[in-house]
Amino acid sequence: YSSSKSNDRIFTSALIWGFNKADHQEYSILWEGNYQIKKAAIYSRIEFVQKSNHYLIIPLAWEEIYNIQAFTLGGAYRVAGWFNTDIAIGFQMTQNFIPDSLNFFYGSNPLSMEAFLRVVPGLFKAYN
């Protein structure tokens, strides 16, 4: 979904569902949204995935499927543009929600944060 109230205010959103079937079944669903106001953007993502102990490299004699959720919130600000390329700085934070049985391997509801520099080249035109 995408909606534009003007050239400097744009909202985009996506809802994505996934399914893996090999020797077991795993589902996932993701919702994300981005709101762009001139040079600033704020975005969020909510994720739900099912992962097996085999994928998480947890040695068990049986197969177990784990439900894992994550919530991400972030923002970016375009600081410059050169030669049809945008440069932005940003920050995001993700809170993960995992089953208690995985705390030994991943800790209790791990939190991650990152600051970043984003370089987005624009479309280039071919000249004859």
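The values are calculated or read from the model by the stated rules, or taken from the named source; none is laboratory data. Bear in mind that the values here come from a model prediction, so they are computed numbers and not experimental data. Because the Cβ atoms are built from the backbone with ideal geometry, glycine has one as well, and the counts that use them run over all protein chains shown. Quick note on the areas: whole protein, heavy atoms, side chains included, nothing else; ligands and nucleic acids left out. Shrake-Rupley method; radii C 1.70, N 1.55, O 1.52, S 1.80 Å.
Structural remarks
- Taking the Cα centre of the chain as origin and assigning +1 to Lys and Arg Cβ atoms and -1 to Asp and Glu Cβ atoms, the resulting dipole is close to 860 debye.
- Mean residue ellipticity (222 nm) of the chain, computed from DSSP H runs ≥ 4 via -39,500 (n - 2.57), nearest 500: -500 deg cm²/dmol
- Only lysine pairs 8 or more places apart or on separate chains count here, and in the chain those with Cα atoms under 30 Å apart total 6.
- Of the GluC sites (Glu not before Pro) in the range 18-91, the ones in a loop by DSSP (not H, G, I, E or B) with at most 15 other beta carbons within 10 Å are Glu63, Glu64.
- Candidates per chymotrypsin sites (Phe, Trp or Tyr not before Pro) in the range 1-47, loop by DSSP, up to 11 other Cβ within 10 Å: Tyr1
- Accessible carbon and sulfur surface of the chain relative to its total accessible area, %, 1.4 Å: 61 percent
- The range 78-128: chymotrypsin sites (Phe, Trp or Tyr not before Pro) falling in loop per DSSP and having at most 11 other Cβ within 10 Å: Phe83, Phe124, Tyr127
- GNM on the chain, alpha-carbon springs under 10 angstrom: the most fluctuating residue among Ala88, Ala61, Ala80 is Ala61.
- The stretch between Tyr27 and Phe11, if pulled fully straight at 0.36 nm per residue, gains 3.1 nm over its current Cα-Cα span.
- One way to sum up the overall shape of the chain is the equivalent ellipsoid from its Cα gyration tensor, whose semi-axes run 36, 17, 15 Å, largest first.
- Considering only alpha-carbon pairs that sit under 8 angstrom and 6 or more positions apart, the relative contact order computed for the chain is 16 percent.
- In the full protein context, the chain carries 74 Å² of accessible surface per residue, based on a 1.4 Å probe and ignoring ligands, DNA and RNA.
- Count Lys and Arg as plus one, Asp and Glu as minus one, and take only other residues whose Cβ is under 14 Å from that of Pro110; the net charge is then -3.
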